[in-house]
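The values are calculated or read from the model by the stated rules, or taken from the named source; none is laboratory data. In this text the structure is predicted, and so the values were computed from the model without any measurement. In this analysis, Cβ positions are derived from the backbone assuming ideal geometry, glycine residues included, and neighbour counts consider all displayed protein chains.
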Amino acid sequence: MSDNTSNNSNQQNPARRQIKALGKALSAGRPGQWAVRQVAEVGKKYYIGCPQCGKPIIIQPSARGDYLARCRECGSVVAFMANEQGAAPVEKPQAGEQPKATVIAGGDVETRMGQLVWRKWLVPRSAPLPVGTTTLGRRDDAMPSDLMWRDGNMSARSVSITVSQDKNKSLRYQLTVLRATNPVKVNGRAYSAGSSIYLRFGDEIVMGSTHLTFKPL
């Protein structure tokens, strides 16, 4: 009986029988918009189960980068990223594990509030970093960040900066790389997804073609 049920399921869903599943789509924070954390390999074909209607969305990325896949049945949008086999990687956790964070440096302490400073058309811009977590990335409606730039070389929702304050009101600024399909560098050193580093005033952050400086407010 179970064999017949399995065969019927495969006949109804031939794509699922022949193509590997990429991963589960999670909510991206807006109705009808979702994202898959697993990374697709360039050139390979996958399916993503639509989180709205359950129909398979077939994908086959042709180059590394960020993608949006739309369900033909219900119109839901699923974001995912692709990387080349053997390329400098986006680190993926094993099943059931949390991403392993490689913490660089030892929790440097600052006594003043910090901000990120950059230039747009030679005009200085800045954004304060309050206590809590601030996400940074390319402007993307499917994977929005707290701070976003129109930079095609930057990953969507690329990094987060978490500001913590102890009982003495000392502050720590921890940058964590969330997605590194496109390079993230701090003071010239590249960091992969899952890596973390404590920032100090004067640190230079490069995301895609955007250069940021961490300074006191």
- Report yes if residue 189 is within 23 Å of residue 81 (Cβ to Cβ) and either exposed (fewer than 13 other Cβ atoms within 10 Å of the Cβ) or modelled with pLDDT of 90 or more (or both), otherwise no. yes
- Residue in segment 168-194 that is nearest to residue 39 (Cα to Cα), counting only those that are assigned to a strand (DSSP E or B) and in contact with a Lys or Arg (Cβ under 9 Å, 6 or more places away or on another chain): 191
- Message: Against the condition polar (S, T, N, Q), modelled with pLDDT under 90 and under 17 Å from the mean Cα position of the chain (by Cα), how does residue 160 come out, does it pass?
- Response: no
- Query: Does residue 24 satisfy being at pLDDT 70 or above and under 25 Å from residue 155 (Cα atoms)?
  - Reply: yes
- Query: If you go through segment 167-186, how many residues are modelled with pLDDT under 85 and under 22 Å from residue 63 (Cα atoms)?
  - Reply: 4
- Task: Among what's in segment 150-172 and is surrounded by 21 or more Cβ atoms within 10 Å (Cβ to Cβ) and among the hydrophobic types (A, V, I, L, M, F, W, C), pick the residue that is farthest from residue 69 (Cα to Cα).
- Result: 161
- Residue hits (segment 150-175; among the basic types (Lys, Arg) and more than 11 Å from residue 208 (Cβ to Cβ)) are 157, 167, 169, 172
- Select from segment 195-213 the residues that are in contact (Cβ under 8 Å) with a residue 40 or more places away in the chain, in a loop (DSSP other than H, G, I, E, B) and surrounded by fewer than 20 Cβ atoms within 10 Å (Cβ to Cβ) and list them in ascending order. 200, 201, 208, 209
- Query: Would a scan of segment 55-74 turn up a residue that is at pLDDT below 85, touching a Leu at 6+ places or on another chain (Cβ under 7 Å) and under 11 Å from residue 142 (Cα atoms)?
  - Reply: no
